[in-house]
1. Restricting to segment 203-226, give me the number of residues that are under 22 Å from VAL146 (Cβ atoms) and in contact (Cβ under 8 Å) with a residue 60 or more places away in the chain.
2. Residues that are out of contact with any helix residue (DSSP H, G or I) (no Cβ under 8 Å at 6 or more places or on another chain), at least 1 per element: which helices (runs of 4 or more DSSP H) completely within segment 147-261 meet that?
3. Let me confirm something: among ALA141, ALA158, ALA187, which residue is open to solvent by less than 20 Å² (accessible area, probe 1.4 Å), under 26 Å from LEU228 (Cβ atoms) and more than 17 Å from the chain's Cα centre (by Cα)?
4. Residues that are of a type in the set (Ser, Thr, Tyr), open to solvent by 10 Å² or more (accessible area, probe 1.4 Å), modelled with pLDDT of 90 or more and part of a loop (DSSP other than H, G, I, E, B): does segment 55-63 have at least one?
5. In this structure, does ALA264 turn out to be in a loop (DSSP other than H, G, I, E, B) and either farther than 19 Å from ASN179 by Cβ or open to solvent by 60 Å² or more (accessible area, probe 1.4 Å) (or both)?
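The values are calculated or read from the model by the stated rules, or taken from the named source; none is laboratory data. Predicted, not measured: the structure shown is a model, and the values here were computed from it. Heads up, the Cβs are rebuilt from the backbone with ideal geometry, glycines too, and the neighbour counts pull from every protein chain shown. When the accessible area is computed, the model is the full protein with side chains, heavy atoms only, and any ligands, DNA or RNA have been set aside. Shrake-Rupley method; radii C 1.70, N 1.55, O 1.52, S 1.80 Å.
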Amino acid sequence: MQTNPNGTLSIAVFSGKGGVGKSSLSANLGFCLSESGLRCLLMDCDLGLANLDILLGISSEATIQDLLVRDIAAQRLVQPVAPNLDLLPAASGVPELVEMDEDQRGLLLKKLEPIISDYAFLILDMAAGLNPTLLAMARAAAKRIVVLTPEPTSLTDAYAVIKVLSAKADIHDFLILVNQVANREEAQTTHRRLDAAVEKFLGFKTHYLGMVRSDPNMGKAVAKQQALMRIAPKSPAAEDIRVLAERLQSLRAALMPGLLDKPALANF
């Protein structure tokens, strides 16, 4: 078994529906973690419809697709975003990447392993839907975050994602991040509603990671193709994201040294 010399904590970030700010949160969490001096790698796992590079204003000549169709090293894909923060971009308009078979997934992991283990954090920004490739990534990651908003449709869709991952990937460990809330009370109420449904119908409990308040600066950052942490580092949402990043750092510390004993992406 390949070990993980830097104790990489891999985190898959899901949402039940689009429009909940999942990719923006993934990118800004990466910025916060990198600001602490820990190396962080963002991986765009919407393999057929890339968006992280667009959000960050980065133009990529090579993408994950090139690892499967060309004999190139994974290091050529890595795009620097900020000090201690890098991006692995996905391809756009390549639907066949969404349905990789087991051999293709094995090849992809073999090529990625040498670079992934150089980082303290690997953030997997997952696509909507749950095809076999995404299910494999969900199982392989050490932790999973589900992002939702207080809207009833978002809560219902978040429950559906948890139900599918529980049934098809035998996953029962989820961190819940409630985005676009007015205050802490609204976030905790939203989590309690989701957690009650999960416990009643699926038989296990979720874990509350935290919240991010509604903030017009987030939309401005997306429009400017920049991270919120760069254009409005003292905004309410930026403050909340820093709290989340601190909790993830504490989680990584609590999981050490177990992270050293297995690959960053196990059983992919």
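1. Qualifying residue count, segment 203-226: 5.
2. Details: elements: 152-169, 184-202, 216-223, 228-231, 236-255.
Counting at least 1 such residues, we get 152-169, 184-202, 216-223, 236-255.
3. One residue alone meets the criteria, ALA187.
4. No, segment 55-63 contains no residue that is of a type in the set (Ser, Thr, Tyr), open to solvent by 10 Å² or more (accessible area, probe 1.4 Å), modelled with pLDDT of 90 or more and part of a loop (DSSP other than H, G, I, E, B).
5. Details: in a loop (DSSP other than H, G, I, E, B): yes; either farther than 19 Å from ASN179 by Cβ or open to solvent by 60 Å² or more (accessible area, probe 1.4 Å) (or both): yes.
Taking the combined requirement at face value, the residue satisfies it.
To keep it simple, each residue is scored yes or no on (1) closer than 30 Å to GLY37 by Cα; (2) modelled with pLDDT of 85 or more.
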| residue | (1), (2) |
| --- | --- |
| ILE116 | yes, yes |
| GLY129 | no, no |
| ALA141 | yes, yes |
| ILE145 | yes, yes |
| VAL161 | no, yes |
